[in-house]
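Here the structure is laid out as structure tokens; the discussion comes afterwards.
The values are calculated or read from the model by the stated rules, or taken from the named source; none is laboratory data. These figures come from a predicted structure and were not determined experimentally. Every residue, glycine among them, receives a Cβ derived from its backbone with ideal geometry; neighbour counts consider all protein chains shown. The accessibility values were calculated without ligands, DNA or RNA, using every heavy atom of the protein model including side chains. Shrake-Rupley method; radii C 1.70, N 1.55, O 1.52, S 1.80 Å.
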Amino acid sequence: MKLTGTIYLAILTLLLVIYYLVCGIYLNNLNYYNHESLFYIEKAKIVFEGLGNRLKVMGLTTPMIPFYTTFIFTIFSNTLAPVLASAIGTGVLFYIIASTVAKRLNDEGYIWLLLVIFLLHPGIIYTAASGKSIYLILIFFFLFFLNLFKFYRSNTTFHVSIASICLVMLIFCDYKFIWLTLFFLPLVLSITLHSLNLGEQESIFRLFLSFNSPSLRRKLINKTFALYIILFSLPLVAVLCYKLLNLTHANDLNYFAESPYATWNVLIDKLSFDQQTTNTNYKIPEISVLLSARVVLFCPMILIAMYLFRESTYQVLTILIPFAFIEFLHIKYDKVFLAYQYYMIFLILAYLCVIFKAHTVKDQKNFKILLAFTVVFQLYFGWYYLNTSSIPEEQNFVKVLFNREEDDKQQDNIDVANYLNSLPSDSHVLVDDAIAYGVIAFTNDIKPLIMPYESNFLSALESPDKYADYVVVATAKNVVSGYTQLNNKYIVTISQTIPDINFRKVFETNDWVVYRIITNGSEPF
């Protein structure tokens, strides 16, 4: 049997998943976690173990698809669920790309090349072993562009419909991809012009002929409008419905994108930027004009892809759309550094283009040698970009993976969680999971915890002596203490407002203090 056979691809995928699981579990045993995975772990705990109305947490936690995918794996392990999801998901990504290669190219060399990328590229290892949802972004990004290229070949609107569904899934994996639709608006006109049966090849002359002929003009308008409806109506309606759901249950259309209770990256993006910009050695690595150049350095295979499509203007424009997309993100989200996954989409797109056009290359031997050298180049710069990233989490991944030293970034959260685990089962603890989701993720039983999703949280906040026995407070050293009411100022305010309450410090770390709430006349714990 050939390597391109279904059974062999399935075996390769299984071996890759095992490889990713070994890496992910190894890192997990070294206490490597990231904010995204901890956030999903905490929200999954609320859904499965929490008390009260958990519908809001289940329906409005975003990104939605990564969250749902993660908590499916909580039946095996809470802390390993994100790792299991990312390892298996990255294996699925390999199988999808490999099966596409097998269908279009009768050459095992491209499978081996793909296997090298999935075994050694740091971005792929980071995707598979970190527990982040990058694998879902790459899967739906690949399927979206795959179906667009299929449409270019067949001119069948079925593929546009599938692409539209993939775009919806992509948006619900990372809401920033909603802006990708902006750059397809002018491209649709170019695609429609190409679909017209005209003698002229240049788009400008096709457009001139179309507008000067009533029948062609009507046909152009109808086809363009139809493509807009098929490609964009589903994503826009899906986002609108989700915004209305947020308005209904949270009284805020943008709750899912702006509330720290709904998504992990609201505070973390700001925190990451603040930490970097206040660093005395800070240098801006993402100058707008040079951002695309950084992408080309990260993935030079994209230049090969554009060369292969050089005879088709609208297909080259399709490849350029992600460049315009990341430049737009850099301008719109100027307080957020470009995360590694936005570089990874070019790696996937470039290989997709190679799959579609490799058969047109006459000298296959030299072409594959060129691709091999390009892959080696990409492996080096993949490690370099990850190691020198402006985002601390990405640097930390490389540090833990190579130094093989236990990660202490979450040690404070683990210590506080262990203390809460040691409290009597009938104790009640007031905690704000806007910033303390890391603590809750390591807590064995969350039923004693009073959190914002519960209806009595605000009452407990105002009168802690009536609802709670303990309160977890962020210290002044905690970098996110300004984003919660449960900080040192809260203790002072409550002590002044309710003179009968005293707070006794029972446990302390650099980031957290656990206070025992004592009312005058009560027995100290």
Scan of the range 434-455 for residues that are without any contact (Cβ under 8 Å) to a residue 60 or more places away in the chain and surrounded by fewer than 17 Cβ atoms within 10 Å (Cβ to Cβ), ordered by number: ASN444
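Rundown of residues vs (1) out of contact with any Cys (no Cβ under 9 Å at 6 or more places or on another chain); (2) of a type in the set (A, V, I, L, M); (3) in contact (Cβ under 8 Å) with a residue 40 or more places away in the chain; (4) open to solvent by 30 Å² or more (accessible area, probe 1.4 Å), yes/no style:
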site: CYS23; (1), (2), (3), (4): yes, no, yes, no
site: TYR32; (1), (2), (3), (4): yes, no, yes, no
site: ILE41; (1), (2), (3), (4): yes, yes, yes, no
site: PHE48; (1), (2), (3), (4): yes, no, no, yes
site: MET64; (1), (2), (3), (4): no, yes, yes, yes
site: PHE76; (1), (2), (3), (4): yes, no, no, yes
site: THR100; (1), (2), (3), (4): yes, no, yes, no
site: ILE117; (1), (2), (3), (4): yes, yes, yes, no
site: GLY123; (1), (2), (3), (4): yes, no, yes, no
So SER427, is it among the small types (Gly, Ala, Ser), open to solvent by 30 Å² or more (accessible area, probe 1.4 Å), over 30 Å from LEU113 (Cβ atoms) and touching a residue at least 24 places away in the same chain (Cβ under 8 Å): no
Top-ranked residue in the range 102-115 [being among the charged types (D, E, K, R) and assigned to a loop (DSSP other than H, G, I, E, B); ranked as surrounded by the most Cβ atoms within 10 Å (Cβ to Cβ)]: ASP107
Filter result for PHE503 (touching a residue at least 60 places away in the same chain (Cβ under 8 Å), over 29 Å from ASN53 (Cα atoms) and touching a strand residue (DSSP E or B) at 6+ places or on another chain (Cβ under 7 Å)): no
Top-ranked residue in the range 46-91 [being of a type in the set (D, E, K, R) and in a helix (DSSP H, G or I); ranked as farthest from VAL239 (Cα to Cα)]: GLU49
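On the basis of being free of Cβ contacts under 8 Å to residues at least 24 places away in the same chain, in a helix (DSSP H, G or I) and not hydrophobic (A, V, I, L, M, F, W, C), does TYR351 make the cut? Outline the logic, then answer.
Working: free of Cβ contacts under 8 Å to residues at least 24 places away in the same chain: no; in a helix (DSSP H, G or I): yes; not hydrophobic (A, V, I, L, M, F, W, C): yes.
So TYR351 fails the test.
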Scan of the range 305-314 for residues that are touching a Lys or Arg at 6+ places or on another chain (Cβ under 9 Å) and under 14 Å from ILE191 (Cβ atoms), ordered by number: PHE309
Cβ pairs under 8 Å, 6+ apart, first in the range 80-96 and surrounded by 24 or more Cβ atoms within 10 Å (Cβ to Cβ), second among the charged types (D, E, K, R): PRO82/GLU36; PRO82/LYS132; SER86/LYS132
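Between ALA468, ALA417, ALA460, which is in contact (Cβ under 8 Å) with a residue 40 or more places away in the chain and either open to solvent by less than 40 Å² (accessible area, probe 1.4 Å) or touching a Leu at 6+ places or on another chain (Cβ under 7 Å) (or both)?
Details: ALA417 fails: in contact (Cβ under 8 Å) with a residue 40 or more places away in the chain; ALA460 fails: in contact (Cβ under 8 Å) with a residue 40 or more places away in the chain.
Only one candidate passes the filter, namely ALA468.
Got a number for residues in the range 483-500 being surrounded by fewer than 18 Cβ atoms within 10 Å (Cβ to Cβ) and either touching a residue at least 40 places away in the same chain (Cβ under 8 Å) or of a type in the set (Ser, Thr, Tyr) (or both)? Break it down into steps so the answer makes sense when it comes.
Filtering the range 483-500 down to residues surrounded by fewer than 18 Cβ atoms within 10 Å (Cβ to Cβ) leaves 483, 485, 488-489, 492-493, 495-500.
So of that shortlist, the ones also either touching a residue at least 40 places away in the same chain (Cβ under 8 Å) or of a type in the set (Ser, Thr, Tyr) (or both) come out as 483, 485, 493, 495, 497.
Looking only at that region, the number is 5.
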Some residue of the range 349-365 being buried (at least 17 other Cβ atoms within 10 Å of the Cβ), modelled with pLDDT of 95 or more and not aliphatic (A, V, I, L, M): yes
Checklist (1) part of a helix (DSSP H, G or I); (2) crowded, with 22+ Cβ neighbours inside 10 Å applied to CYS173, failing item: (1)
Candidates ASN246, ASN254, filtered to the one that is free of Cβ contacts under 8 Å to residues at least 24 places away in the same chain and either farther than 30 Å from TYR152 by Cα or touching a Gly at 6+ places or on another chain (Cβ under 6 Å) (or both): ASN254
Matching residues, the range 17-45, being more than 21 Å from the chain's Cα centre (by Cα) and part of a helix (DSSP H, G or I): ILE18, TYR19, VAL22, TYR26, ASN29
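Answer with yes or no whether PHE225 is part of a helix (DSSP H, G or I), open to solvent by less than 70 Å² (accessible area, probe 1.4 Å) and aromatic (Phe, Trp, Tyr).
Values: part of a helix (DSSP H, G or I): yes; open to solvent by less than 70 Å² (accessible area, probe 1.4 Å): no; aromatic (Phe, Trp, Tyr): yes.
No, not satisfied.
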Of residues in the range 125-145 being over 14 Å from the mean Cα position of the chain (by Cα) and open to solvent by 10 Å² or more (accessible area, probe 1.4 Å), the one farthest from VAL375 (Cα to Cα): LEU143
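Okay, residues lined up against (1) farther than 21 Å from LYS176 by Cβ; (2) in contact with a Pro (Cβ under 9 Å, 6 or more places away or on another chain):
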| position | (1), (2) |
| --- | --- |
| ASP107 | yes, no |
| LEU113 | yes, no |
| VAL116 | yes, no |
| LEU120 | yes, no |
| ALA128 | yes, no |
| SER133 | no, yes |
| LEU148 | no, no |
| SER154 | yes, no |
